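The values are calculated or read from the model by the stated rules, or taken from the named source; none is laboratory data. For clarity, every value in this text was computed on a predicted model and none was experimentally measured. Positions of Cβ are backbone-derived with ideal geometry, glycine not excepted, and every protein chain shown enters the neighbour counts.
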Amino acid sequence: MTQQHDTGAPARPRVVLGVGGGIAAYKACEVLRRLTESGHEVRVVPTDGALKFVGAATFEALSGQPVHTDVFSDVPEVPHVRLGQSADLVVVAPATANLIAKAAHGLADDLLTNTLLTARCPVLLVPAMHTEMWEHPATRDNVALLRRRGVVVAEPASGRLTGADTGKGRLPEPSEIVGLARLLLADRAALPRDLEGVPVVISAGGTREPLDPVRFLGNRSSGRQGWALAGVAAQRGAHVTLVAAHTADLPTPAGVDLVRVGTALELRDAVHAAAEHARVVVMSAAVADFRPVATAEHKIKKGDRDPDPVALTRNPDVLAELVARRRDGQLIVGFAAETGDAETGVLEHGRAKLKRKGCDLLVVNAVGDGRAFEVEDNAGWLLSADGGEVAVPHGSKAQLATAVWDAIGKL
Ligand code: CTP
């Protein structure tokens, strides 16, 4: 919980940023910069190993706070207890295998491990290590133990590691780490491991239907809501396939398999293929309802009117197809971006769409006037086939994603 200053003005959330001794420590600088710039008060607590990669002066300059690694500096302040006690969130990025082992077993031989023992706020450990270390039974057991205790141990990303190696164990992108930190500050219960091993498919972004080699029919979807759904599901333990049409330039969320598509027909094939093994399918993509009858081989010229270069034909309704093919126990979630009109409000349009589409849950967003599309925040209603209606207040797209996964969990 954010504490109040005497002035009554809300205090800046207090974050302890622990930094472990791995090469990814350099990325902690970007995490720190993003946290301070978005209004957090950050104390950096590196390990001695971290300072072999990044100097204390860098952390002090970026945080505006002193930096110590041991429990014998500033002794009258009792920092080994105070830092953890007064924090709203502790984030450790990168968390090495050694640091995770110490945290799991309650060792406290430096300022960071002491802080982890005294913190009563949410704790987010963001691992970075070689694949062999991440997969070692010792690390698996330590991670499982920490998760059972309510510590959020993030899924690492896959990709380039130190040297020539690639695989699972890469530190997630700083923007994603900050997103998880902010989500936990808003809702400390946002990332339970309730989707462990559950296969899910999420479609995101906007399809593009080509008219010719340079033009297309598209829409304003950025893919951010689908990205948030995928990122939150993966951090809750799901096996996520993210079928992405055109999106803004977003880093692939850690632990997510990304399949890129372009058109509605490509999206349909990819979603159906992945849905065969999925327990949950979430259609957050903005799928074009129509496509050009034909794609011109050459760039259409102003004078080309015959045949009509923009004659359209209907695309299949992927959500309706999914509902028609739904297996026992499979949950299908649709999205409805509505503007409302003179006679009918957004929510009523949503209720009618839920009936028409036959899905298990419909996420209804009001759009237009700068809402929902191409922005960071969202709000809406979750309508379920059993008549349940939950209003989700205005918040980040990760918060809306959390509400969606909570609702799916209940279904
Ligand atoms: N959808 C889909 N295939 C389409 C169009 C939409 O699977 N060809 C899915 C979207 O991903 C979303 C849901 O259907 O989950 C609702 O999309 P929307 O565009 O609001 O619905 P439409 O069926 O196009 O309804 P209308 O045009 O009547 O508002």
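In region 301-322, is there at least one residue being farther than 20 Å from Arg220 by Cα, surrounded by 14 or more Cβ atoms within 10 Å (Cβ to Cβ) and among the β-branched types (Val, Ile, Thr)?
no
What pairs come out if I take residues in region 341-356 that are without any contact (Cβ under 8 Å) to a residue 60 or more places away in the chain and pair them with residues that are part of a loop (DSSP other than H, G, I, E, B) and more than 12 Å from the ligand (Cβ to nearest atom) whose C-beta lies under 8 Å away, six or more apart or interchain?
Matching pairs, first to second residue: Leu354/Ala385.
Tell me which helices (runs of 4 or more DSSP H) are completely within region 1-109 and hold 3 or more residues being closer than 29 Å to Gly163 by Cβ and in the same structural domain as Leu145 (by TED's automatic domain parsing), or say none if there are none.
Working: elements: 25-37, 48-51, 56-63, 79-86, 97-105.
Counting at least 3 such residues, we get 25-37, 48-51, 56-63, 97-105.
Taking the options Val392, Val375, name whichever one is away from the ligand (no atom under 14 Å from the Cβ), among the aliphatic types (A, V, I, L, M), closer than 24 Å to Arg224 by Cβ and assigned to a loop (DSSP other than H, G, I, E, B). If you could, list the steps in order and put the result at the bottom.
Values: Val392 fails: assigned to a loop (DSSP other than H, G, I, E, B).
One residue alone meets the criteria, Val375.
Please indicate, with yes or no, whether at least one residue in region 183-190 is over 21 Å from the mean Cα position of the chain (by Cα) and surrounded by 20 or more Cβ atoms within 10 Å (Cβ to Cβ). I'd like the intermediate steps shown before the answer.
Taking region 183-190 and keeping what is over 21 Å from the mean Cα position of the chain (by Cα), we get none.
Looking for residues that are over 21 Å from the mean Cα position of the chain (by Cα) and surrounded by 20 or more Cβ atoms within 10 Å (Cβ to Cβ), one finds none in region 183-190, hence no.
Please go through region 198-212 and pick out each residue that is under 17 Å from the mean Cα position of the chain (by Cα) and away from the ligand (no atom under 16 Å from the Cβ).
Listed by number, the residues that qualify are Val198, Pro199.
Please find, within region 105-138, the residue that is surrounded by the fewest Cβ atoms within 10 Å (Cβ to Cβ) out of those that are touching a strand residue (DSSP E or B) at 6+ places or on another chain (Cβ under 8 Å) and β-branched (Val, Ile, Thr).
Of all residues in region 105-138, those touching a strand residue (DSSP E or B) at 6+ places or on another chain (Cβ under 8 Å) come to 111-112, 115-116, 119, 121-131, 133-135.
Still in the list and also β-branched (Val, Ile, Thr): 115, 123, 126, 131.
Values: Thr115: 26, Val123: 25, Val126: 29, Thr131: 16.
Across region 105-138, the extreme among qualifying residues is Thr131.
Within region 330-354, work out how many residues are more than 24 Å from Val198 (Cα to Cα) and more than 12 Å from the ligand (Cβ to nearest atom). Let's see the steps before the verdict.
Let us first name the residues in region 330-354 that are more than 24 Å from Val198 (Cα to Cα), namely 336-354.
Right, trim to more than 12 Å from the ligand (Cβ to nearest atom) and you get 342-343, 345, 347-348, 351.
The qualifying residues number 6.
Select from region 357-372 the residues that are free of Cβ contacts under 8 Å to residues at least 60 places away in the same chain, under 21 Å from His394 (Cβ atoms), part of a loop (DSSP other than H, G, I, E, B) and touching a strand residue (DSSP E or B) at 6+ places or on another chain (Cβ under 6 Å) and list them in ascending order.
Within region 357-372, Val367 is the sole residue that qualifies.
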